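The values are calculated or read from the model by the stated rules, or taken from the named source; none is laboratory data. Because the structure is a prediction, the values reported are computed rather than measured. Cβ placement follows ideal geometry from the backbone for every residue including glycine, while neighbour counts extend to all protein chains displayed.
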Amino acid sequence: MHYSAYLVGGWVRDLLLGVESADIDVCVAGVTYKQLLLLLLAAEVEIILPVRDVEYLVLNDQLEDYLERQPESNSSFTAVENGVIKAKVRGRVIDFIVAGDSFKYNLECRDFTFNAMALPLTDLLAFDSYNVQDLIDYHGGARDLLTKTVRTVSKDPMICFRDDPVRLLRMIRFMLQFDMQMHQDIYGTLHENDSTLAGLYANINPSRTCNELKKIFSHESTVAAICALQLLPVYLRCSIFNHIQLNPVTK
């Protein structure tokens, strides 16, 4: 079976920034979901399967029935349920992402340019089997890290935020975490589409919003966090906080 494996996303970003990262995503192209699962089983790693939003470790010999229910067709990057396999490798939980036949499309679906870089792996389970000189950067993520600029992968930022409005708060978090500024195209898009973006929050799970806000306010400076949030236009800010008040997250 011929396949290609790549380190992608936050781990690559943090490597270039010289900071530690617990976020390991491995994108595998040229395999179906079932084929990748069989590869991992052959390597005798522990598979983690989501059931009703709860993750748990299962023994490999319990997966036979599960495999029988999985389709043979390639899973797209956006098909989260069948497109990602969590596995415990050397004590670390890794997200293995099924890219089907289009690894480049996987990167194009990501939010910001610095999260859309990749490093080819020579060994699926050896996360140090890469060469930094082989960095794949179709969207200028390394440049944006150097200039401390948050820029969407999509040339139209509205596409990025319409796909997942929570990316707006992720953007604020990255700006605080890495001392960055949003690209002028994003700033213009936010203020031109304030009411539209505010309306998109109606269908967002409040727990996702709360999770991002907790990360934002965990910044060393609460004042800096508040100032960063104020960069969002007024209707959007009101929508975010009103959504939490109207849909309180219960334990």
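When D164, D185, D156, D179 are checked against the criterion of being touching a residue at least 12 places away in the same chain (Cβ under 8 Å), under 19 Å from Q230 (Cβ atoms) and surrounded by fewer than 17 Cβ atoms within 10 Å (Cβ to Cβ), D179 stands alone in meeting it.
Can you find a residue that is on the phi > 0 side of the Ramachandran plot, assigned to a loop (DSSP other than H, G, I, E, B) and either outside the structural domain of M117 (by TED's automatic domain parsing) or touching a Gly at 6+ places or on another chain (Cβ under 8 Å) (or both) anywhere in the stretch 232-250? Explain how you work it out, then say what you get.
Let us first name the residues in the stretch 232-250 that are on the phi > 0 side of the Ramachandran plot, namely none.
Checked against the condition, which is being on the phi > 0 side of the Ramachandran plot, assigned to a loop (DSSP other than H, G, I, E, B) and either outside the structural domain of M117 (by TED's automatic domain parsing) or touching a Gly at 6+ places or on another chain (Cβ under 8 Å) (or both), the stretch 232-250 yields no hits at all.
Consider the stretch 89-105 and keep the residues that are within 15 Å of Y3 (Cα to Cα) and touching a residue at least 40 places away in the same chain (Cβ under 8 Å). The one that is farthest from the chain's Cα centre (by Cα) is D101.
Looking for something more than 30 Å from P233 (Cβ to Cβ) and either at pLDDT 95 or above or charged (D, E, K, R) (or both) - is there at least one such residue anywhere in the stretch 98-108? Scanning the stretch 98-108, I find at least one residue that is more than 30 Å from P233 (Cβ to Cβ) and either at pLDDT 95 or above or charged (D, E, K, R) (or both), so the answer is yes. Just one residue in the set K148, K215 is at positive phi and among the basic types (K, R); that residue is K148. The residues of the stretch 124-142 that are outside any helix (DSSP H, G or I), closer than 29 Å to A42 by Cα and in contact (Cβ under 8 Å) with a residue 24 or more places away in the chain, listed by number, are L124, L125, F127, Y130, L135, I136. Scanning the stretch 143-157 for residues that are polar (S, T, N, Q), within 16 Å of the chain's Cα centre (by Cα) and part of a strand (DSSP E or B) yields one hit, T152.
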